[in-house]
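Report on one structure; see the data block that follows.
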Amino acid sequence: MLGPTGRSGESRPGRAWTAAGGTAILSRTMDIRPRASSRPRPGLLGLLAVAACACLAQPVPAQDEAAAWRRYNGWEVSAFAVEGVPADLGDELAAGLWLAGRPRFLRGAARPPFDAGSLVQDLRRTQLFLAARGYPAAAVRARLEPDDRARRVAVRLDIAPGRPVLVSAVRVSGWPEAVPAPAVADPRLTREGERFTDQGSERAMNHLAALLQDAGYARVKVERRLERVGPEAVAVEYVVTPGDPYVVTSVTIGGCSDDLLPVARRVLDVRPPVAYDRTLLADGAVDLRATQLFSRVELTTEPTGPGELALHASLANGRMRALSASVGTWSDNPWMVQAGWLHRNLFEGGRGLRVGGVYATHEQRFGAEVFRLGWLAPRAVTSLGGEWLREDEDAYRSNEYTARLLQSFRPRGRGLWQVGVSVSNVDVVTYSPDAEDLPEAQEWLLEFYVDRKWDWTDDVLYPTGGGYTKVALTWAPAAAFFGASYVQAQLDGAAYRGLGPLGLGAARLRLGWSQPLGENPDLLPNRRFYAGGYNTMRGYARRDLGPRDADGNPRGGQATVLGGAELRRRLVWIFDAAVFLDAGDVWRRPSDAALKFVRAAWGADLDVRTPLGPLRIGYAWNIGPVLPGEPDELWHFGIGYPW
C-alpha cells in the first residue's frame with residue numbers, strides 16, 4: 001500500500017519495548033486514516049484463531065445429525081440453555097444466539113420456532129465467539145429433548161471451553177523515537193498473562209494508532225503478528241509503521257450556503273499551518289454539529305505533499321425551523337403545557353430567534369430571544385432576550401419582567417461557562433404576616449451572574465460513570481434606582497460509579513448561601529432557596545421542607561444543604577429499580593444552619609427507560625420526626641434522574 005508521499009509503507013527503525021521474538025504465523029494490518037469520527041473496527045481474529053487451531057476445534061454437527069433435527073422444524077422451543085460457558089461470557093453469548101429469543105416482561109423469553117439451520121448457525125456463532133475471546137479449542141454440542149405430543153423441544157448447548165490461550169509476551173516495534181513509548185501497564189494495551197482476546201488486541205491496535213495520530217502521524221499503520229509458543233500461549237507483536245508527521249496546511253469548506261461559510265470556519269477553528277492530531281477532526285465535527293445549522297458534517301484530509309495535509313469540510317444546511325409543543329406532567333409540577341418556535345438562522349450568518357412559553361401549576365412564563373453563534377469565540381453563543389414570569393405559590397404571588405444579555409462559552413466536552421446581566425421589574429405580593437418578609441425596595445433589580453459547569457458524565461440521560469460540578473454566583477448591587485440587593489452562591493456536584501453486581505452508585509451534594517445587602521431584611525421570595533420534592537428531598541412535598549411563616553406556608557431561606565445517594569440496578573427489559581437516601585434542610589438565615597437537625601428520608605423507585613430518560617415512580621419514608629402537618633411517607637413521580 002502506498003503511503004501519502006507515494007512510497008511503500010516500509011517499517012522504520014525505532015524503539016521496541018518488552019522483548020519477544022520469533023516468526024509470525026498470523027497477522028492483521030490496520031491502516032488508520034483520519035476521519036470525522038473514529039471507531040474501533042470490528043475484529044476478525046476469531047476467524048483466524050479458529051483456522052489456526054483447526055486441529056483442536058470441534059466440528060459443527062455432521063450432516064446426518066443436522067438432518068435429524070429437521071423433523072422438529074416449526075416446533076415450539078420450550079426451553080433454551082447454555083451450559084459450561086465461562087461465567088464472564090454467558091450473558092454476552094446468549095444475547096447473540098437466535099434460538100435464545102428475547103426477554104419479555106414477566107412472561108419469560110419470546111423465542112422463534114425451532115429451525116435446524118438456525119441451530120447449526122448458533123453452534124458456529126458460539127465457536128467463533130469463544131475463539132475470539134481466548135478459547136479456540138472449545139467444544140460445543142447441542143442436545144435436544146423433544147415432546148412429540150406437545151410438538152415442543154428443549155434445546156441445550158453443552159460447552160467444554162478448554163483451557164484459555166494466554167499472552168506470554170508483548171512487543172511493540174517501529175515506534176518513533178520522537179514520541180514517548182506507551183506505558184506497559186496501560187489497561188488499553190495487551191498485557192502479559194491475560195487471556196488473549198480479539199477485542200483486547202483490537203483495542204490495543206486502535207490505542208497505539210491513536211497515540212501516534214495525536215502526535216501528528218496521520219497515516220500510521222499498525223500490524224499485529226502472533227506467534228504460538230505452546231498450545232495455550234501466544235506471543236503478540238505490534239509492528240508500527242508511523243509514516244511522516246503531518247501538518248494541516250489548508251482548509252476548504254463547501255456545501256453550505258454562503259452566509260454560513262464564515263460561521264463554519266470560525267466554529268471549526270483550524271488555522272493553518274497547524275500540526276495534525278486525531279482530535280482535530282473529531283472536535284471540529286462535534287463543534288459543527290453542535291450548532292445544529294448543518295444536516296451533514298464530513299471532515300476528511302488529503303495529502304498534498306510530503307508531510308502536508310489539506311482539510312476538507314463538506315457541509316449541508318440543516319432544517320432551520322423547529323416547532324415544539326407538549327402537555328403533561330414534569331417532576332414537581334402536576335401539569336404543564338409547553339410550546340416553542342425556533343429559527344436557527346432567521347437573520348442569516350448564524351443569527352436566530354427563539355420564542356417559547358410555559359403554562360404550569362405554579363408558574364407561567366413567555367419569552368423571546370435573538371442569538372448569534374460563534375461571535376466572541378468558536379464555541380460561544382451570545383443571546384439577548386426578554387421574558388415575563390408569573391409565579392403563584394402558597395406564600396406569595398409575583399410578576400416579573402426581565403431583559404437579559406447572556407454569553408455562553410462551551411469548552412471541550414460538555415462543560416459550560418455562562419456570564420450575564422439582567423434588569424428586572426419585580427412585583428411581589430406576599431401572603432405572609434411576617435413584618436420583615438420583603439425588601440424595602442423591590443420594583444427594579446439589577447443582577448450579574450456567572451455559572452461554571454464541569455461535566456464528565458459518560459451519558460447524559462443514563463449516566464454510568466463520571467460526574468459533574470457546577471458553581472453559580474449572583475450579585476445584585478444597590479445602584480441608582482435598583483433595590484432588593486443581595487449576593488448568592490450555590491455549589492452542586494454529583495458522581496456516578498459502577499458497583500459490580502450491586503448496580504450503579506450515584507451521589508449528590510448541594511450547598512447554597514445568600515445574604516441580603518444594605519438595609520434589606522431579606523431576599524425577594526423568588527430568589528430564596530427552597531427544598532422538598534422530587535428534585536431535592538423526596539420525603540417532603542414540593543417546597544415543604546424548611547422555614548415557614550406564621551400561617552404555616554413555606555417561605556424559603558438564605559442557606560441550604562442537600563445530599564443524596566442512590567443505588568440503581570437493572571431489572572428486566574426496560575425496567576430498573578433504585579433505593580435512595582435523601583437528606584437536607586433550608587434555614588432562614590445562614591447563622592441558623594445546624595447540620596445535626598437536617599431531615600432525612602429513604603425510599604425506593606421503579607424506573608421505566610424511555611428515549612427521553614427514565615420515568616420514575618417511588619415511595620419515601622421519613623427518618624425521625626417530621627415537620628407539623630407533613631406525612632411520614634410520600635409518593636413521588638418524576639421524569640429523569642434527580643441528579
Revision key, fill the gap. Once amide hydrogens are built 1.01 Å from N within the peptide plane, the residues lying 5 or more places from R555 or on another chain with amide H under 5 Å from its amide H are R548, D549
Review point. So if we plug the beta-carbon distance of E348 and L461 into 1/(1 + (r/R0)^6) with R0 = 35 Å, what FRET efficiency do we get, rounded to 0.05?
Key: 0.55
Point to revise | Extreme residue, positive dipole direction of the chain, given options L445, Q558, L211 (C-beta unit charges) | key: L211
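Let me check against my output: what whole-number percent is the relative contact order of segment 66-154, with C-alpha pairs under 8 Å and at least 6 apart?
Details: 99 pairs, mean separation 32.0, N = 89.
Dividing the mean separation by the residue count of segment 66-154 yields 36 percent.
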Review point. Straight-line reach from K221: which aspartates and glutamates have a Cα under 19 Å away, not including same-chain ones fewer than 8 places off?
Key: E10, D31, E177, D198, E202, E237, D244, D277, E302, E308
Review point. Where only protein heavy atoms count, and the probe is 1.4 Å, what is the accessible area per residue for segment 428-516 in Å²?
Key: 51
Check your understanding: What residue among T304, T536, V460 has its Cα farthest toward the positive end of the dipole of the chain, where the charges are +1 on Lys, Arg and -1 on Asp, Glu, each on the Cβ?
Key -> T304
Point to revise | Local net charge near L384, Cβ-Cβ under 10 Å (Lys/Arg +1, Asp/Glu -1) | key: +1
Check your understanding: Quick one: if you stick a label point 7 Å off each Cα along the C-beta vector at E145 and T300, how many nm between them?
Key -> 5.8
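Give me the dipole magnitude in Debye, nearest 20, for segment 451-518 about the Cα centre, with unit charges on the beta carbon: positive for Lys and Arg, negative for Asp and Glu.
On the way: 6 positive and 5 negative charges, 31 e Å.
The dipole of segment 451-518 has a size of about 140 debye.
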Check your understanding: Roughly what % of DSSP beta bridges within the chain run antiparallel, to the nearest 5?
Key -> 90
Check your understanding: How much FRET efficiency would the formula 1/(1 + (r/R0)^6) give for V572 and L261, where r is the Cβ-Cβ distance and R0 is 60 Å, rounded to 0.05?
Key -> 0.70
Practice item. Could you work out how far helix 198-214 tilts from the main Cα principal axis of the chain, as a 0 to 90 degree angle to the nearest 10? Key: 60
Review point. Counting only the backbone N, which residues of segment 561-600 are under 18 Å from the spot 7 Å out from the Cα of L615 toward its beta-carbon?
Key: 571-578
Check your understanding: Just going by the charge dipole of segment 199-334, with Lys and Arg at +1 and Asp and Glu at -1 on Cβ, which of T252, P334, P273 is farthest out on the positive end?
Key -> P334
Practice item. Using the Cα centre as the reference, give the magnitude of the dipole from point charges on the C-beta atoms of the chain (Lys, Arg: +1; Asp, Glu: -1; all else neutral), rounded to the nearest 20 debye. Key: 2240
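Remind me, relative contact order of the chain in percent, using alpha carbon pairs under 8 angstrom and six or more residues apart?
On the way: 1577 pairs, mean separation 50.6, N = 643.
Relative contact order comes out at 8 percent.
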Review point. What order do you get for 481-489, 280-288, 226-234, 452-460 when each peptide is scored by the mean count of other beta carbon atoms within 10 Å, highest first?
Key: 280-288, 481-489, 226-234, 452-460
**Study point:** C-alpha center-to-center spacing [segment 515-551, segment 291-362] in angstrom
**Key:** 36
Review point. Using a 1.4 Å probe on the protein chains only, how many percent of the accessible area of segment 331-445 belongs to carbon and sulfur?
Key: 58
Exercise for review: Roll a 1.4 angstrom probe over the protein heavy atoms and tell me the percent of accessible area of segment 500-595 that is carbon or sulfur.
Suggested key: 61
Review point. What lysines could a cross-link reach from K596, if we take a straight Cα to Cα line under 24 Å and drop same-chain neighbours fewer than 8 places away?
Key: none
Check your understanding: Over segment 517-631, what is the mean sequence separation of C-alpha contacts under 8 Å (at least six apart), divided by residue count, expressed as relative contact order in percent?
Key -> 21
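What is the calculated FRET efficiency for L384 to A310, with r their C-beta to C-beta distance and R₀ = 41 Å, to the nearest 0.05?
Details: r = 38 Å, r/R0 = 0.94.
Approximately 0.60, to the nearest 0.05.
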Exercise for review: Could I have the simple spin-label model distance between W341 and W475, label points 7 Å from Cα toward Cβ, reported in nm to one decimal?
Suggested key: 4.0
Practice item. Note down the nm distance, to one decimal, between modelled labels 7 Å out along Cα→Cβ at L595 and at R156. Key: 5.7
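Given +1 on the Cβ of Lys and Arg, -1 on the Cβ of Asp and Glu, and no further charges, what dipole in debye does segment 500-572 carry about its Cα centre, rounded to the nearest 20? Intermediate results must be reported in sequence, preceding the final value.
Values: 12 positive and 6 negative charges, 109 e Å.
In debye, rounded to 20, segment 500-572 gives about 520.
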**Study point:** For segment 503-508, 3J(HN,Hα) per residue [Karplus equation, 6.51 cos²θ - 1.76 cosθ + 1.60, θ = phi - 60°, Hz, x = Gly/Pro]
**Key:** x, 10, x, 9, 9, 9
Exercise for review: Express in nm, to one decimal, how much length is gained between A66 and Q364 on full extension, taking 0.36 nm for each residue of separation and deducting their alpha carbon distance.
Suggested key: 100.4 nm
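The values are calculated or read from the model by the stated rules, or taken from the named source; none is laboratory data. A quick note: this is a predicted structure, and the numbers were derived from the prediction, not measured. Ideal geometry is used to build each Cβ from the backbone, glycine not excepted, and the neighbour counts take in all protein chains shown. The area values use the complete protein model at the heavy-atom level, side chains included, leaving out ligands, DNA and RNA. Shrake-Rupley method; radii C 1.70, N 1.55, O 1.52, S 1.80 Å.
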